[in-house]
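What follows is a set of notes on a single structure, which appears directly below.
The values are calculated or read from the model by the stated rules, or taken from the named source; none is laboratory data. Worth saying up front: this structure is predicted, and the values here are computed from it rather than measured. In this analysis, Cβ positions are derived from the backbone assuming ideal geometry, glycine residues included, and neighbour counts consider all displayed protein chains.
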Amino acid sequence: MGPSNGTDAARADSEAGAEMAAESGGAEPAGAGVALVGLREVSKSFGENLVLNRIDLEIERGAAVVIAGPSGSGKSTLLRCINGLESVDSGELRFEGRPVDYSGKALSRLRAEIGMVFQQFNLFPHMTVRDNIVLGPVKGKGVSREDARRRARELLERVGIPEKEDEFPADLSGGQQQRVAIARALAMDPKLMLFDEPTSALDPEMIREVLDVMRDLARDGMTMVVVTHEMGFAREACDRIVFIDAGQIVEQGPPDEFFHEAKSTRAKEFVDKIIHH
Ligand SMILES: Nc1ncnc2c1ncn2[C@@H]1O[C@H](COP(=O)(O)OP(=O)(O)OP(=O)(O)O)[C@@H](O)[C@H]1O
Ligand SMILES: [Mg+2]
């Protein structure tokens, strides 16, 4: 399948969603037609260190967006602000069109709607693969254990390791553990998936299998923001690359444009380094 098919499908999905919302006339659900995530002039400092500097960013429903940039540029902090793990100092963060509310209950609701996958898989070592996946929906969403198990099985199928459900994380390869982590996040039916360098702790032969799962997710219309150095993935599977340096969005655009016609010197240098290293 060509690279454009996935993004077209994703776009068609999100457009269908927007149309359905529009057809419901005056009684539009909050946030219909607006970006799933919107940041306006978001800034964040740690002490004297200005880590995010007036970030303007919109993540449309169904979009797969890659965040790229040098180490320390603020990529992880940006993701952590989006799911409320960090509060922003100034500017505005919206989810589904509504300003993010940092009070306890609202924040847990927000986090339940956003799946996060980290470099380190963070699976519970004393639980089987299935129990790792079942836990969130049962404890956090009141799903029955039986339904959660059925769903866990489907999700393991989807990430390509249905045979691992009774095993413990330590008996799985890194690539398999990361696929379990993705299944666990998906079990919560998130509206958004955030990935923070999901393949950078993996041996090279396992990177592909994780990226393939992510590519399929993007193709199926999941809204995702992915911090990664895997520019092959960025090129094939994402709609847009956002390049950030020193806490600022320097440039953003479709992958082809970014790789071949970067406008800023900093983005050009970054592309050169990544392509020729
Ligand atoms: N909790 C924190 N307390 C203090 N400083 C922090 C904290 N988190 C991040 N920083 C600082 O903020 C800056 C940006 O960090 P961040 O982790 O967002 O960068 P990054 O782009 O994800 O880098 P990398 O590619 O190395 O993961 C760095 O200078 C970092 O030291
Ligand atoms: Mg980081």
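Can you tell me which residue within segment 217-254, out of those that are among the acidic types (Asp, Glu) and out of contact with any Leu (no Cβ under 7 Å at 6 or more places or on another chain), is nearest to ligand 2 (Cβ to nearest atom)?
Taking segment 217-254 first, the residues among the acidic types (Asp, Glu) are 220, 230, 236, 239, 245, 251.
This time we only want the ones that are out of contact with any Leu (no Cβ under 7 Å at 6 or more places or on another chain), so: 220, 236, 239, 245, 251.
On the way: Asp220: 26, Glu236: 22, Asp239: 22, Asp245: 14, Glu251: 19 Å.
Applying the filter and picking the extreme gives Asp245.
Only residues that are surrounded by fewer than 18 Cβ atoms within 10 Å (Cβ to Cβ) and assigned to a helix (DSSP H, G or I) were counted in segment 225-247, giving 2.
Checking the structure you have, find out if any residue of segment 66-73 is surrounded by fewer than 21 Cβ atoms within 10 Å (Cβ to Cβ), touching a residue at least 24 places away in the same chain (Cβ under 8 Å) and closer than 30 Å to Ser173 by Cβ.
The initial filter retains those residues of segment 66-73 that are surrounded by fewer than 21 Cβ atoms within 10 Å (Cβ to Cβ), namely 70-72.
Remaining after also requiring touching a residue at least 24 places away in the same chain (Cβ under 8 Å): 70.
Within this subset, residues satisfying the condition of being closer than 30 Å to Ser173 by Cβ are 70.
Checking segment 66-73: at least one residue is surrounded by fewer than 21 Cβ atoms within 10 Å (Cβ to Cβ), touching a residue at least 24 places away in the same chain (Cβ under 8 Å) and closer than 30 Å to Ser173 by Cβ.
Scanning segment 34-47 for residues that are more than 10 Å from ligand 1 (Cβ to nearest atom) and part of a loop (DSSP other than H, G, I, E, B) yields Val34, Ala35, Leu36. Only one entry of Pro70, Pro29 meets the criterion of being within 16 Å of ligand 2 (Cβ to nearest atom) and at pLDDT below 95, and that entry is Pro70. All conditions in (1) part of a strand (DSSP E or B); (2) on the phi > 0 side of the Ramachandran plot hold for Val250, with the sole exception of (2). Restricting attention to segment 63-99, the residues that are among the charged types (D, E, K, R), farther than 16 Å from Met193 by Cβ and out of contact with any helix residue (DSSP H, G or I) (no Cβ under 8 Å at 6 or more places or on another chain) add up to 4. When you look at Ile161, is it without any contact (Cβ under 8 Å) to a residue 40 or more places away in the chain and hydrophobic (A, V, I, L, M, F, W, C), yes or no? In short, yes. Only a single criterion out of (1) more than 21 Å from Gln120 (Cβ to Cβ); (2) in a strand (DSSP E or B); (3) within 13 Å of the chain's Cα centre (by Cα) is not satisfied by Arg61, namely (2).
For segment 207-217, the criterion of a residue being surrounded by fewer than 22 Cβ atoms within 10 Å (Cβ to Cβ), more than 13 Å from the chain's Cα centre (by Cα) and assigned to a loop (DSSP other than H, G, I, E, B) is satisfied by no position. Close contacts from segment 188-211, counting a first residue that is at positive phi and a second that is crowded, with 18+ Cβ neighbours inside 10 Å and in a loop (DSSP other than H, G, I, E, B), with Cβ to Cβ under 7 Å and a gap of 6+ residues or different chains, come to Glu197/Thr228. Of Leu155, Leu107, Leu93, which residue is in contact (Cβ under 8 Å) with a residue 12 or more places away in the chain, touching a strand residue (DSSP E or B) at 6+ places or on another chain (Cβ under 7 Å) and within 28 Å of Arg61 (Cβ to Cβ)? Answer to the check: Leu93.
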